[in-house]
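To keep things clear, I will list the structure first and then write my remarks on it.
The values are calculated or read from the model by the stated rules, or taken from the named source; none is laboratory data. This is a predicted model, so every value here is computed, not measured. Methodologically, a virtual Cβ is constructed for each residue, glycine included, from the backbone with ideal geometry; neighbour enumeration extends over all protein chains shown. Surface accessibility is based on the protein's heavy atoms, side chains included, excluding ligands, DNA and RNA. Shrake-Rupley method; radii C 1.70, N 1.55, O 1.52, S 1.80 Å.
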Amino acid sequence: MQKNRVRVAIAQLHVEPWAEERNLKKVCDYMRRAARAGAKVAVFSEGMSNGYVFQDIREAEAAATTIPGPFIDPVRALAQELNVWVAIGLLERAPQGIYNNALLISPDGNIHSRYRKTFFIRSDKIWMRHGGVCFDAVVTPFGKVGLVICADMRIPEPARCTALSGAQVLFNVSNWGGPDQYEIHAPARALENHCWVISADKVGSEPGIRYPGHSQVVNPDGRIIAEASEFDEELLVVDIDPTEADHVEGRKRFADRRPDLYRMLCDPQAGRPLFEDDASRITGCYVAACQVVSARVEEALRVCEEACRLDEAQLLVLPELFTVENPEDDSELRQRSEQSARLIEPFVNFSRSTCSVLVIGLPQKSANGMGVANSACVIDRGKMLGSYQKTHLHARESDRFIRGNDLPVFETSIGRIGVLLGNEGVVTEIPRVLALKGAEILAWPTRWTGQRASELLPLERALENQVYIVVASPAEHGTGHSQVVSPRTYPVPALRSALGAGRVGFVGQLIVPMTARVKMLSRNTDVFAHRMPDAYSILAASQDERRIETATVAARECTS
């Protein structure tokens, strides 16, 4: 085993309701199995002592345990005996109420880290209290580790805040209720934060829920490298290298972020109410993602005409920099930016004649006239509403483009539209801010370079923000995968229509933009109202401020 690798064992188990002693015995048996397999870390799921489904608060209190207490103390003692780390979920009965805990126990038997769940789904919040306001990553001999719990992964902030604290590995102790967790949420969190996500789920059932298994290990590229079955108890043993989280295509993790644009995410009053009443836009509309070969402007116009003629599309989105054949050719970029008004004119006329809305990605002279901006123009019924200039530039773009400094939402005849360009869909904060500003549709001109991102991120952005996503990518790129995604409620994954690689044409859906004003993921679960903005200050912190916070956390660990 290489020096920077660690062997992790995930215990996927059935937990019997009201059978604490048998559940404890099973946990200890699997800890021993993990140690015999050479694992240095054993990961268990959420609520391991007495089940998770309750009739009322009194039943929940009876099922919860104390920390220290009769369930966790033997686990701590065995961790010390076996010289292993243990991540495990427990419902804690504390003087203030019931908390849903994830604990990281060190080989000396001490609780090295504790996290209390902050985002609840459905009835959880009836009998459990929210945790504190700290998403820490703690130092271990094998890397920096953070803890999250199940539904925390349905919104971006808990995983993001923990990763910004330095976590290379997230231990996700879970009671999954549906396939959206292992198919979308956990892999997307790994990809967008470029960290390992180690998820332990249960099998079997409790009243009203069947646990789907599929405990998994996801690498920092969002790829599932190991996965358990759907129905069986088992021990999944995998070797991982936590330092892979720090290697991101030759750049630093989170280097593309713009904390100065995210302050709204930390404001408890932001987005309340998100919308004013407007019954005039209750009807639906057809939207189309247009997949065209770059630099073939006339062909792109024909695809738009076809989408309107065949499906009466009212919103059409064209790819990022679609007027440019080679975006890395500075002279071509300058030339096309100088021609932008002429290139846009036929699309403005088309928008006027069809009463449609167009979002077109192309290079333009920057707002200050000092260079070229990677832009998207928004045209509504022949009127130029404005353009969005890409605000988040990765390393290869920063020398080529002038970055914008605003995340606007455009009021159009079919609904409120926010714009993402290219890699900005990886940055969780951008679509979150746009949704808080009232965006019902996110238009996303891009040039896909990685298939995993195209598979995961549009679905995740739709689900976590409960908005519609329209992604247009060039036809000549190997990925293709222009798509329209409609959000769905828990536990049903989002609805996607997509176009294959190399195909020229359009793909669309009928959407009802006004429904994006409803942010309920499930009963009693709102993806915005049930956030904890007071806890998200790290999202808007500068790199220096994050460094100070990380040092403070490290000092706190040394004195605890």
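Given the pairs Lys383/Lys519; Lys125/Lys519; Lys40/Lys125; Lys26/Lys202; Lys117/Lys519, which span a C-alpha to C-alpha distance of over 23 angstrom in this model?
On the way: Lys383/Lys519 31 Å; Lys125/Lys519 17 Å; Lys40/Lys125 34 Å; Lys26/Lys202 13 Å; Lys117/Lys519 20 Å.
Among Lys383/Lys519; Lys125/Lys519; Lys40/Lys125; Lys26/Lys202; Lys117/Lys519, the Cα-Cα distance tops 23 Å for Lys383/Lys519; Lys40/Lys125.
How far apart, in nm, are two points set 7 Å out from the Cα along the Cα-to-Cβ line at Asp267 and at Glu233?
5.2 nm
Would you work out what percent of the accessible area of the chain, with all protein chains in place, is carbon or sulfur (probe 1.4 Å)? Working shown, then result.
Working: 10260 of 21190 Å².
Here it works out to 48 percent.
What is the angle, in °, between the Cα long axis of helix 72-82 and the longest principal axis of the Cα atoms in the chain? Nearest 10 is fine, range 0 to 90.
On a 0 to 90 degree scale, this one is about 90.
I'd like to compare 430-438, 35-43, 400-408: which one has the highest average count of other Cβ atoms within 10 Å, and what's the full order after that?
Details: 430-438: 23.0, 35-43: 19.7, 400-408: 17.7.
Packing proxy ranking, top to bottom: 430-438, 35-43, 400-408.
In a Debye calculation with equal point scatterers on the alpha-carbon sites of the chain and no solvent, what is log10 I(q)/I(0) at q = 0.05, 0.08, 0.12 Å⁻¹?
For the requested q values the scattering log ratios are -0.22, -0.54, -1.10.
Mind jotting down the three principal axis lengths of segment 308-354 based on Cα atoms? Whole angstrom, largest first.
So the extents along the principal axes, rounded to whole Å, are 37, 17, 12.
What is the extension gain from Asn110 to Arg523, computed as 0.36 nm multiplied by their sequence separation minus the C-alpha to C-alpha distance, in nm to one decimal?
Values: separation 413, 0.36 × 413 = 148.68 nm, distance 3.81 nm.
So the chain would gain 144.9 nm between Asn110 and Arg523.
Accessible area per residue of the chain at 1.4 Å probe, in Å²? It would help to have the intermediate numbers written out before the result.
Values: 21190 Å² over 560 residues.
Value for the chain: 38 Å² per residue.
Round to the nearest 0.05 the FRET efficiency obtained for Ile57 and Arg5 when R0 = 35 Å and r is the Cβ-Cβ distance. Don't skip to the end; give the middle numbers.
Details: r = 45 Å, r/R0 = 1.28.
For R0 = 35 Å, the calculated efficiency reads 0.20.
So for segment 27-103, what are the equivalent ellipsoid semi-axes in whole Å, largest first, each being the square root of 5 times an eigenvalue of the Cα gyration tensor? Write out the running numbers ahead of the final one.
Details: eigenvalues 135, 28, 17 Å².
After diagonalising the Cα gyration tensor, the semi-axes are 26, 12, 9 Å.
For segment 6-54 and segment 85-104, what is the separation of their C-alpha centers, rounded to whole Å?
14 Å
Given segment 363-498, what percent of its DSSP beta bridges are antiparallel, to the nearest 5?
On the way: 19 of 27 bridges.
So the antiparallel bridges in segment 363-498 amount to around 70 percent.
Roughly how much of Leu301 is accessible, in Å² to the nearest 10, using a 1.4 Å probe?
Number for this one is 30 Å².
About its Cα centre, how strong a charge dipole does segment 76-182 have in debye, to the nearest 20, once Lys and Arg get +1 and Asp and Glu get -1 at the Cβ?
Values: 11 positive and 8 negative charges, 58 e Å.
The calculation lands at about 280 debye.
Determine one quarter of the surface area of the Cα convex hull of segment 323-472, which equals its mean projected area, and express it in nm² to one decimal.
So the mean shadow area of the Cα hull is 8.6 nm².
What is the local net charge at Gly480, summed over the other residues whose Cβ is closer than 13 Å to its Cβ (Lys, Arg +1; Asp, Glu -1)?
With Lys, Arg at +1 and Asp, Glu at -1, the neighbours total 0.
Do me a favour and compute the ellipsoid semi-axes for segment 110-250 from its Cα gyration tensor, root of five times each eigenvalue, largest one first, whole Å. If you can, show how the numbers build up before the last one.
Numbers: eigenvalues 106, 73, 36 Å².
The three semi-axes for segment 110-250 are 23, 19, 14 Å.
Give me the net charge of Phe44's neighbourhood, meaning all other residues with Cβ under 11 Å from the Cβ of Phe44; Lys, Arg count +1, Asp, Glu -1. Each step should come with its number before you reach the end.
Numbers: positive: Lys26, Lys202; negative: Glu46, Asp201.
Once all neighbours under 11 Å are counted, the net charge is 0.
Using modelled backbone amide H atoms (1.01 Å from N, in-plane), which distant-in-sequence or interchain residues come within less than 5 Å of Gly109's amide H?
Gln80
Treat segment 417-545 as a sphere of radius equal to its Kirkwood radius over Cα pairs and apply Stokes-Einstein at 10 °C in a medium of 1.306 mPa s; give the translational diffusion coefficient in µm²/s, rounded to a whole number.
Working: Rh = 15.4 Å.
In µm²/s, the coefficient rounds to 103.
Given Cα positions, please report Rg to Rh for segment 240-395, the hydrodynamic radius being the Kirkwood one. Mind dumping the intermediate values first?
Numbers: Rg = 19.1 Å, Rh = 18.2 Å.
Rounded to two decimals, Rg/Rh equals 1.05.
When the expected Rg is taken as 2.2 N^0.38 Å, what fraction or multiple of it is the alpha-carbon Rg of segment 69-155?
Working: Rg = 13.6 Å, N = 87, 2.2 N^0.38 = 12.0 Å.
Scaled against compact globular proteins, the figure is 1.13.
Rounded to the nearest angstrom and ordered from largest down, what semi-axes does the equivalent ellipsoid of segment 1-147 get from its C-alpha gyration tensor (root of 5λ)?
On the way: eigenvalues 138, 63, 31 Å².
Square roots of five times the eigenvalues give 26, 18, 13 Å.
How large is the direction-averaged shadow of the alpha-carbon convex hull of segment 168-304, in nm²?
15.2 nm²
For Leu510, put the label point 7 Å out on the Cα→Cβ axis and report which residues of segment 292-319 keep their amide N under 17 Å from it.
Within reach of a label on Leu510: 308-315.
Could you work out how far helix 297-311 tilts from the main Cα principal axis of the chain, as a 0 to 90 degree angle to the nearest 10?
It is inclined by approximately 70 degrees.
Looking only at GluC sites (Glu not before Pro) in DSSP loops with at most 12 other Cβ atoms within 10 Å, what is the longest site-free stretch of the chain? Kindly include the intermediate steps, with their values, before the conclusion.
Details: sites that count: Glu249, Glu276, Glu328.
No qualifying site falls inside 1-248, the longest such stretch.
Any idea what angle helix 543-559 forms with the longest principal axis of the chain, computed on alpha-carbon atoms, 0 to 90 degrees, nearest 10?
Taking Cα atoms only, the helix is inclined about 0 degrees.
Per residue and in Å³, how big is the convex hull formed by the alpha-carbon atoms of segment 1-44? Could the numbers behind the result be given before it?
Numbers: hull volume 2.5 nm³, N = 44.
Dividing the Cα hull volume of segment 1-44 by its residue count gives 57 Å³.
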